Amino acid sequence: MDAPNHLYTIQKQLILEGVIIKKEKIIILVIFAIIALLYTFHYLFFWNYIVDDAGITFGASKTLVEYGRFSIDKYAETVETYSNPSLMAIYAFIYWLGIDIPIGSKILNWVIGLIVLLFVYKINNLYGEKIPSQTSWMNLLSPLLLSLMTEFILWGVAGLENILYGFATAGLILGALKYEKSKDIVLLTCFSGLISITRPEGVIFAIFIYCGIFLRNYVINKSYKKIAVSFSLFFMFYCLFIAFRYYLFSWVFPNTYYAKINPSYIGSFLEGGYYLFNFVISYLSLFILTLVLLYFYIYFSDKYVEGNCARKIKFIFSTLAFFDLLIILGLNSYYFFKENPFLSFFPSSDSFLLLVGFVEIDSLLLLAFIGIRYLLFDNNLNKLISMLKLTCGYTFKNSVIYFSTVIIFANVVYIFRSGGTWGNARFLTPVLIALPIISTEIFKSVTNLMVNYNHSEISDLSNHNHTRISKIFSVAVLFILILFFLQMAYNSGNVDMISFWDIKATHADFGNEVGSYLITNHYASNPKQISYVVPDLGATSYYAKNYTIIDSARLGSVPIAHNGYEPGFFRHYVFDIENPALIETHHYWSKITNILSYDQFNKNYVLIKGPGIVKYKGINVPVGYYIRKDIFASQNLNSINNFTNRLNLKNFDTGSTIFSPKGEIELNTYWIKNPNINSKIIDNHTIEVYLNGSSGDYLIDSHKLTGGYYIPSRWDTNLVILDKKVIYPENIPDGNYSLVIKVIYPDNIMESNFLENITIGLKNSSVLYEHVNKFKINMAKQNYSVAKKELRIIKGIDIPLYETYYYNYLNSELNFINMLIANNNLKEANQLLKPITGLQTTDTQINTRLRDTESKLANLYETTGNLCEAKGDFSSAIDYFEYSIWYNPDNHKLRAHIEAIR
């Protein structure tokens, strides 16, 4: 009977253990769900945030899907303006599915973020230090810390690649650990490839991980065969990726690399150090947690249960934690009270933050001094060296900590080289992934040491001391976790970024508004003719519709990225070569481009929106939107006499006197201002256009001259301004009318001008076909200027019929231009082709022919440039090459050649 009872007892025990294990798994699952919920709440807190830099990737993805081009908009030259190819490809797929990228990016990054939380948990749980099953919840410390990290979440929800980068980093660590445990290289190879195409510096992390694996294999005398295969596969993949990039763009790195990387090693080192310092301050409590855990690990190691050095280090850590608490609570309170004005007794000026900063720096210096004094003057230096050896040995022994430390080291190396640039922790995502993993491992190690210590044979006094230290440990960890939560809450409340939506509402919307006005009223034929200099590229690129971007912040412009703001280059490229229609500039960018120093800007551009010249850091800078004057300027008269009105109509042109409700009236009027009149009065004018006839007077249009963009008070003296306005005389009864234009001012004064008598409606079709026949005759004679005038008359009568004959006109004009190109007549071919370059019609064949002609003229410019280069005339060669690229913006090889010459 004993055997069955014993068997029954074993079965019962196994069932009980199975229930306990199942219960523990359920508890783990519930806690992870709570962490995921916390992460989601943190994520939703920033839901409305999108940083404008994310729009750069949005715009590149949209351009690729809509136009099949790698650029920032439909017409700009080929450029790899993004620095995250893998994310750009994903966003392009999202847009191809018909999902708006700003919304799709938020959902995508939220899902990837949850996977990252799972990854870091798996890293600690599967490959970290083993702990009893009843304490396996400790492995959830890493996803908990990560879910609280503001910068990890913020930059992801803002549309950037940080969460995907975190996913690749965690996967890289996981791959290295899996290889070490089972020699499986699939995960390691895949994530090495992924991280290398997620950011340019991603290849550094892959190489460092492989170096770390080779080092461990060397130390433990392990075979290199499989890891060598993995590295070879990764290396081949990366070489293919670089070759593909070079094939597409003619550059080894993305344009952002050439625009941002500081060429000075010393300068980048100092900037990187400052960037890292700010990061450490922002995540001070997390660093303290890691250091405190490390201290307790050393304390519970047999060799350092007692000792003066351990007590001194404990004092330093405790003091540091205390000051950190005061600082973060102070900053958090400041933010809370500042955002709640009903508690007005709390200081609201930045002097409080300055005071806190001084306290923080002084505290760190004091603690550093105390630490050095204890170590150097109390004969504790040898003990410190021993502790460092113990720590290094522990790091190498624990593979999770080892590979996480390799990631941190790689990130620090990159920051010291790149300079860190902008955004707190923006370029430290791998560190944000590695730190919670390391803290969790040390926490588990300390717990194991405490358990082992508790079960060892020690005296009651030692046991009492151990119990007291264990309580201190628990309180310290809890205290610092609360501190970390408060610090992240403060970081969440102090987000400062250039908003994607703000840039859309300003630069993009205004650029599209001005561009639409110019195209609708025939100042320009298409958006390629309206180049727009703007420094904030994101939303301006994604919502580009009626303009072509020139990125003054360098990211979207290959020549500006490679040459910077060197005055000779910048003046010639921006004002002589590109000659932009619109320029937006403000504060920092006005200062760094020194745009106010260029005569072309001061003479040829006029403010149309914004404050104008303001003081910024002690110098005058232009702030606002500027338009090129000659878009509206018709001619410059030497003298003007006999001002009869405030705004004087000098001339007009309608192109015809016969129109119909199915056509349009293109009314061109030419104006000069009376310089003796109050500018505010004439600026607030309204132009009204009437058709006065026997059936009544009809108001057919009301507008401001030049759309109100180039206001009369800013017109140059003696300058004649052209106002173009396209009017559709719909619902106007047939008949004869007087075309009258009136200028109305806010003081109720009105100036009226009779233009001409016109006819609306046709009693028969003979008049229309008379002009159609004239058009055909002139086309046969290749008299294109007269044929074009006849087309304008036809357009005033019947727009659909005009479009049919306009395509015939375009075909013939393109034949003539191609003949000029064949005869190497650059000047005349350019004059005819430039106004219609970029035009998109409803006729596919016409579009194809137009693109083909543009390509031919581009080739002729390139050939001419090559001849100049062969003669040593590099300046002329560059100009010809630049014109070639304007006609063929996809010629990235020529762009690389230009920069090589420069």
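The values are calculated or read from the model by the stated rules, or taken from the named source; none is laboratory data. Predicted model only: the values in this text are computed from it and were never measured. Every residue, glycine as well, gets a Cβ built from its backbone with ideal geometry; the counts of neighbours run over all protein chains shown. Ligands, DNA and RNA are stripped out before the accessible areas are found, and what is left, the full protein with its side chains, is counted by its heavy atoms. Shrake-Rupley method; radii C 1.70, N 1.55, O 1.52, S 1.80 Å.
Okay, here's what the table says:
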{"quantity": "Residue within the stretch 755-764 that is over 28 Å from residue 661 (Cβ atoms), assigned to a loop (DSSP other than H, G, I, E, B) and open to solvent by 40 Å² or more (accessible area, probe 1.4 Å) present", "calculated": "no"}
{"quantity": "Cross-chain or 6+ apart pairs with Cβ under 8 Å, the stretch 10-33 first and under 17 Å from residue 126 (Cα atoms) and surrounded by 10 or more Cβ atoms within 10 Å (Cβ to Cβ), then at pLDDT 85 or above and basic (Lys, Arg)", "calculated": "none"}
{"quantity": "Top-ranked residue in the stretch 169-189 [being among the aliphatic types (A, V, I, L, M), in contact with a helix residue (DSSP H, G or I) (Cβ under 7 Å, 6 or more places away or on another chain) and assigned to a helix (DSSP H, G or I); ranked as most open to solvent (accessible area, probe 1.4 Å)]", "calculated": "187"}
{"quantity": "Subset of the stretch 691-705 [over 44 Å from the mean Cα position of the chain (by Cα) and surrounded by fewer than 16 Cβ atoms within 10 Å (Cβ to Cβ)]", "calculated": "692, 694, 695, 696, 697, 699"}
{"quantity": "Considering residues of the stretch 574-584 that are in contact with a Ser or Thr (Cβ under 9 Å, 6 or more places away or on another chain) and closer than 18 Å to residue 875 by Cα only, the residue most open to solvent (accessible area, probe 1.4 Å)", "calculated": "579"}
{"quantity": "So residue 617, is it open to solvent by 50 Å² or more (accessible area, probe 1.4 Å) and farther than 17 Å from residue 723 by Cβ", "calculated": "yes"}
{"quantity": "Strands (runs of 3 or more DSSP E) contained entirely in the stretch 611-698, each with at least 2 residues that are within 26 Å of residue 579 (Cα to Cα), small (Gly, Ala, Ser) and touching a residue at least 40 places away in the same chain (Cβ under 8 Å)", "calculated": "633-636"}
{"quantity": "Identity of the residue in the stretch 733-789, within 21 Å of residue 669 (Cβ to Cβ) and among the aromatic types (Phe, Trp, Tyr), that ends up nearest to the chain's Cα centre (by Cα)", "calculated": "745"}
{"quantity": "For residue 226: the one exception among (1) of a type outside the set (Val, Ile, Thr); (2) in a helix (DSSP H, G or I); (3) free of Cβ contacts under 8 Å to residues at least 24 places away in the same chain; (4) surrounded by 12 or more Cβ atoms within 10 Å (Cβ to Cβ)", "calculated": "(3)"}
{"quantity": "Pairs with Cβ under 7 Å, 6+ apart, first in the stretch 705-722 and at positive phi, second of a type in the set (Ser, Thr, Tyr) and at pLDDT 90 or above", "calculated": "707/517"}
{"quantity": "Single unsatisfied condition, residue 888 versus (1) without any contact (Cβ under 8 Å) to a residue 12 or more places away in the chain; (2) touching an Asp or Glu at 6+ places or on another chain (Cβ under 9 Å)", "calculated": "(1)"}
{"quantity": "Hits in the stretch 95-151 - residues which are among the small types (Gly, Ala, Ser), in contact with a helix residue (DSSP H, G or I) (Cβ under 7 Å, 6 or more places away or on another chain) and surrounded by fewer than 22 Cβ atoms within 10 Å (Cβ to Cβ)", "calculated": "104, 133, 136"}
{"quantity": "The stretch 770-813, residues that are among the hydrophobic types (A, V, I, L, M, F, W, C), open to solvent by 30 Å² or more (accessible area, probe 1.4 Å) and farther than 22 Å from residue 853 by Cβ", "calculated": "777, 786, 799, 801"}
{"quantity": "Restricting the stretch 711-732 to residues that are open to solvent by less than 50 Å² (accessible area, probe 1.4 Å) and assigned to a helix (DSSP H, G or I), the residue that is farthest from residue 753 (Cα to Cα)", "calculated": "713"}
{"quantity": "Selected residue [outside any helix (DSSP H, G or I) and either open to solvent by less than 20 Å² (accessible area, probe 1.4 Å) or among the basic types (Lys, Arg) (or both)] from 159, 166", "calculated": "159"}
{"quantity": "Checking residue 708 against (1) closer than 18 Å to residue 667 by Cα; (2) among the small types (Gly, Ala, Ser); (3) open to solvent by 30 Å² or more (accessible area, probe 1.4 Å), the condition it does not meet", "calculated": "(3)"}
{"quantity": "Tally, over the stretch 487-506, of residues that are open to solvent by less than 30 Å² (accessible area, probe 1.4 Å) and either of a type in the set (A, V, I, L, M, F, W, C) or at pLDDT 95 or above (or both)", "calculated": "3"}
{"quantity": "Any hit, the stretch 72-88, residues being of a type in the set (D, E, K, R) and within 19 Å of residue 428 (Cα to Cα)", "calculated": "no"}
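Residue-by-condition table, conditions (1) at pLDDT 90 or above; (2) in a helix (DSSP H, G or I):
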| residue | (1), (2) |
| --- | --- |
| 403 | yes, yes |
| 417 | no, yes |
| 421 | no, no |
| 427 | no, no |
| 435 | no, yes |
